[in-house]
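**Student:** This is the structure, below, for whatever I ask next.
The values are calculated or read from the model by the stated rules, or taken from the named source; none is laboratory data. Note that this is a predicted model, so its numbers are computed, not measured. All Cβ positions, glycine included, derive from the backbone under ideal geometry; neighbour counts span all protein chains shown.
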Amino acid sequence: MSAPVTTRVGEWSVRVRPRPVVVVLVLLVAAAALGSVALTLGEYPLPLSGVLDALLGSGSRAQRFVVLELRAPRVVLALVVGAVLGVSGAMFQSLARNSLASPDLLGFTTGAASGALVAIVLFGAGALGTAGGAVVGVVVTAAVALALLGGDTGGYRLVLVGIGLNAILYSLNNYLILRSDLATASAAQTWLVGSLNGRDWTTVAVVAIGLVVLLVPALLISRRLDLLGMGDEAASSIGVPVVPTRIVALVVGVVLVGTATAAVGPIAFVALAAPQLARRLTGSTGPGLLAAGVLGGVLLLAGDVLGQRLAAPAQFPAGTMTASIGGLYLVWLLAREWRAGR
Amino acid sequence: MRLQASGVTLAYEARTVSRDLDVAIPDGSFTVVVGPNACGKSTLLRGLARMIRPAAGTVSLDDRPISSYGAKEVARRLALLPQSPVAPDGISVADLVARGRYPHQSLLRQWSPADEEAVSRAMAATGVAELAERSVGELSGGQRQRVWIAMVLAQDTPLLLLDEPTTFLDIAYQLEVLDLLADLHAAGDRTLVAVLHDLNQACRYATHLIAMRDGAVVAQGPPAEIVSSTLLAEVFGLVGEVVPDPQTGTPMIVPADREARRTGRAGLRAGVSAATGSGSSSG
């Protein structure tokens, strides 16, 4: 199952492991199935056959409106944002050689939130301004982190600096909410829980374009990131340019998490859990970007579906769902690593 | 000479390890670098392999500054096995060895017949072929070190640098690894450079010895020509005698008795050359 398969054409050769390919395909099917189910959910009752009719262009106008304009953007957004977070997490975990290194534990998500809160609280920004604030926030956070690390983004230093930054930014966020009036604080709080509700196709398109554009450099350095897992010197000895690889990974990871957070607010734990689960499923050593991305999409969509169904008609935002599920996962993971004595 | 350092200063941020160092690695030699802890042996190896950039001077590889090569270009000519590489969780022996082919590969050339041959040759030479499907994590220390050596062998470079390849191995495994390196050296025109702790082993296996202290090269040459009780005192500050190894005839270090070393040390401070034989017996 895990033995690589080589295809050669003349001088060219491609080597692929079957297992990750199968895993990605299965996950894509799961995403499609889950997405179809998600399209049936909502106040307007619509069976799966009605959803399919609307998707194929038949069905009533009302059906098409509900499915294509109200529900589909949310479902696709969940998949795309989840994928963005999964890829971003895979970048950070490979970069730090640490499965706990995810952008939400290292302060990058919190930094994006700080930027958004500054926009909301100090400038009374609307949706677009908030998204812009989130992007500025994550870029500033990354710049500060890089300055503190002195360019050395490897291993524990990134994790420790990130955790410290996260704590500082978290308290900054609390302070920003505290000093604002009730209406603003409420708007800020709503943004902070991370929700997929009421987003249109424009948001989906922006995030999707960001994902596709950033996947190119990500995939180009993914083999190098895999090799960096042997330590800087061993990787460098076989010809991996260590520092440039790290910088590209950091920039791509930061921009991805900034994009996702700007679009839907902070979403916890998808970036932490998706790459780890993907690695277990594919049995590979590398960052497993595609598997992590698709699994991230599935996880976030699953979180959103659960949030809608669990206590219907009451709804939990997707961010709350992923945080609570992810919290349990983290506890399990830490307990397991502790027992393994690592 | 293919690999040499001239006027090289090696430093980690503010701490300078070696200043104005001149080292040439004879082509086709099995060069061993020895010296006390923190004398700059590993730093020299890192400098030669471009793991650290010299603060001054140049390292040249095949008559060009090593800094002028691309990352993969260097890796096709020179391989370095670091002191403690990390085997990723669950990786198989065959997969780890195959990583050594990275500098020969590209996006559209991911696994050529040459890659396949080099990997099986490397695994055969190191005797790990039958372990190919095993996970590296479940191997013994000696086996694991042979797998890492197989990885750098698969890289198929004329120059092979090894940073303390025998550390953390018990004596039998140490000799196993050194025998393997000696076989590799005897088999072809490969140049080997290794940092070793054990001076007796260095004398047995090296064709060229570089003795370092405080970041400087104290002596270099064939072991039989340079290893003496004077060198022992100069490099390690150790009083002892050098006798022919009863098994190989190469120089063998026999440290002086505890009492003699104490008085010998006093003698050294006074500038007296130290050569002490067997003294009074003590526990």
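**Student:** Restricted to region B:50-70, and to residues that are hydrophobic (A, V, I, L, M, F, W, C) and surrounded by 20 or more Cβ atoms within 10 Å (Cβ to Cβ), which residue is farthest from residue B:151 (Cα to Cα)? Outline the logic, then answer.
**Tutor:** Within region B:50-70, the first condition is being hydrophobic (A, V, I, L, M, F, W, C), and the residues that meet it are B:51-52, B:55-56, B:59, B:61, B:66.
Cutting the leftovers down to surrounded by 20 or more Cβ atoms within 10 Å (Cβ to Cβ) gives us B:59, B:61, B:66.
On the way: B:59: 25, B:61: 22, B:66: 22 Å.
This residue is B:59.
**Student:** Out of curiosity, is residue B:76 at pLDDT 95 or above, at the interface with chain A (Cβ under 8 Å from one of its Cβ atoms), more than 20 Å from the chain's Cα centre (by Cα) and not in a loop (DSSP other than H, G, I, E, B)? Working first, answer last.
**Tutor:** Values: at pLDDT 95 or above: yes; at the interface with chain A (Cβ under 8 Å from one of its Cβ atoms): yes; more than 20 Å from the chain's Cα centre (by Cα): no; not in a loop (DSSP other than H, G, I, E, B): yes.
Here the answer is no, as residue B:76 does not meet what is asked.
**Student:** Restricted to region A:286-342, and to residues that are polar (S, T, N, Q) and assigned to a helix (DSSP H, G or I), which residue is nearest to residue A:273 (Cα to Cα)? Show your work before the answer.
**Tutor:** Our first condition is that a residue be polar (S, T, N, Q); within region A:286-342, this holds for A:308, A:315, A:320, A:322, A:324.
Going one step further and asking which of them are assigned to a helix (DSSP H, G or I), we end up with A:308, A:320, A:322, A:324.
Details: A:308: 21, A:320: 15, A:322: 10, A:324: 12 Å.
It comes out as A:322.
**Student:** Within the group B:195, B:239, which residue is buried (at least 20 other Cβ atoms within 10 Å of the Cβ), farther than 30 Å from residue A:234 by Cβ and not polar (S, T, N, Q)?
**Tutor:** Values: B:195 fails: farther than 30 Å from residue A:234 by Cβ.
None of the others qualify; the one that does is B:239.
Here is a yes/no grid of residues against (1) within 14 Å of chain A (Cβ to nearest Cβ); (2) in contact (Cβ under 8 Å) with a residue 60 or more places away in the chain:
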{"position": "B:15", "(1), (2)": "no, no"}
{"position": "B:25", "(1), (2)": "no, yes"}
{"position": "B:31", "(1), (2)": "no, yes"}
{"position": "B:36", "(1), (2)": "no, yes"}
{"position": "B:43", "(1), (2)": "yes, yes"}
{"position": "B:50", "(1), (2)": "yes, no"}
{"position": "B:53", "(1), (2)": "yes, no"}
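**Student:** Okay, next question. Looking at the structure I just gave you, is residue A:37 within 14 Å of another protein chain (Cβ to nearest Cβ), surrounded by fewer than 20 Cβ atoms within 10 Å (Cβ to Cβ) and closer than 30 Å to residue A:275 by Cα? Give the derivation first.
**Tutor:** Details: within 14 Å of another protein chain (Cβ to nearest Cβ): no; surrounded by fewer than 20 Cβ atoms within 10 Å (Cβ to Cβ): yes; closer than 30 Å to residue A:275 by Cα: yes.
In short, no.
**Student:** Within the set of pairs 6+ apart or on separate chains, which have a first residue in region A:24-45 that is without any contact (Cβ under 8 Å) to a residue 12 or more places away in the chain and more than 19 Å from residue A:70 (Cα to Cα), a second that is in a helix (DSSP H, G or I) and of a type in the set (A, V, I, L, M), and C-beta atoms under 9 Å apart?
**Tutor:** Short answer, once both residue conditions are applied: A:26/A:281.
For (1) modelled with pLDDT of 95 or more; (2) in contact with a Leu (Cβ under 8 Å, 6 or more places away or on another chain); (3) over 14 Å from residue B:34 (Cβ atoms), each residue gets a yes or a no:
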{"position": "B:180", "(1), (2), (3)": "no, no, yes"}
{"position": "B:183", "(1), (2), (3)": "no, no, yes"}
{"position": "B:209", "(1), (2), (3)": "yes, no, no"}
{"position": "B:232", "(1), (2), (3)": "no, yes, no"}
{"position": "B:245", "(1), (2), (3)": "no, no, yes"}
{"position": "B:248", "(1), (2), (3)": "no, no, yes"}
{"position": "B:264", "(1), (2), (3)": "no, no, yes"}
{"position": "B:271", "(1), (2), (3)": "no, no, yes"}
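**Student:** Now a separate question. Any residue at all in region B:191-206 that is assigned to a strand (DSSP E or B), touching a residue at least 40 places away in the same chain (Cβ under 8 Å) and of a type in the set (Ser, Thr, Tyr)? Spell out the reasoning first.
**Tutor:** Start the filter on region B:191-206 by keeping residues that are assigned to a strand (DSSP E or B), which leaves B:191-195.
Subsequent filtering for residues that are touching a residue at least 40 places away in the same chain (Cβ under 8 Å) retains B:191-195.
Cutting the leftovers down to of a type in the set (Ser, Thr, Tyr) gives us B:191.
Yes, there is a match, as at least one residue in region B:191-206 is assigned to a strand (DSSP E or B), touching a residue at least 40 places away in the same chain (Cβ under 8 Å) and of a type in the set (Ser, Thr, Tyr).
**Student:** Limited to region A:145-198, what total is found for residues that are modelled with pLDDT under 85 and among the basic types (Lys, Arg)?
**Tutor:** Going through region A:145-198 one residue at a time, the tally reaches 1.
**Student:** Follow-up. Taking region B:98-112 only, how many residues are in contact (Cβ under 8 Å) with a residue 40 or more places away in the chain, at the interface with chain A (Cβ under 7 Å from one of its Cβ atoms) and among the charged types (D, E, K, R)?
**Tutor:** Number satisfying all stated conditions: 1.
**Student:** Determine whether residue A:224 is buried (at least 21 other Cβ atoms within 10 Å of the Cβ), more than 30 Å from residue A:71 (Cβ to Cβ) and more than 10 Å from chain B (Cβ to nearest Cβ). If you could, list the steps in order and put the result at the bottom.
**Tutor:** Numbers: buried (at least 21 other Cβ atoms within 10 Å of the Cβ): yes; more than 30 Å from residue A:71 (Cβ to Cβ): yes; more than 10 Å from chain B (Cβ to nearest Cβ): no.
Considered against the rule, which asks whether it is buried (at least 21 other Cβ atoms within 10 Å of the Cβ), more than 30 Å from residue A:71 (Cβ to Cβ) and more than 10 Å from chain B (Cβ to nearest Cβ), residue A:224 comes out as no.
**Student:** Could you tell me which of the residues A:183, A:188 is within 19 Å of residue A:323 (Cα to Cα) and of a type in the set (A, V, I, L, M, F, W, C)? Before the answer, list the steps.
**Tutor:** On the way: A:183 fails: within 19 Å of residue A:323 (Cα to Cα).
Going through A:183, A:188 in turn, the sole match is A:188.
**Student:** A further question on this structure: Pick out, from region A:29-129, the helices (runs of 4 or more DSSP H) lying fully within it that include 2 or more residues that are modelled with pLDDT under 90. Step through it out loud before you land on a result.
**Tutor:** Working: elements: A:48-56, A:61-64, A:72-96, A:108-117.
Fully inside region A:29-129 and qualifying: A:48-56, A:61-64, A:72-96.
**Student:** If I ask for residues that are closer than 18 Å to residue A:240 by Cβ and either more than 7 Å from chain A (Cβ to nearest Cβ) or assigned to a helix (DSSP H, G or I) (or both), which ones from region B:88-97 would you list?
**Tutor:** The initial filter retains those residues of region B:88-97 that are closer than 18 Å to residue A:240 by Cβ, namely B:88, B:91, B:95-97.
Passing the criteria: B:95, B:96, B:97.
**Student:** The conditions are (1) more than 13 Å from chain B (Cβ to nearest Cβ); (2) of a type in the set (A, V, I, L, M, F, W, C); (3) over 30 Å from residue B:48 (Cα atoms), and residue A:158 fails exactly one of them. Which is it?
**Tutor:** (3)
**Student:** Looking at A:247, A:267, which one is of a type in the set (Val, Ile, Thr) and assigned to a loop (DSSP other than H, G, I, E, B)? Spell out how you get there, then give the answer.
**Tutor:** Numbers: A:247 fails: assigned to a loop (DSSP other than H, G, I, E, B).
Checking each option against the conditions leaves just A:267.
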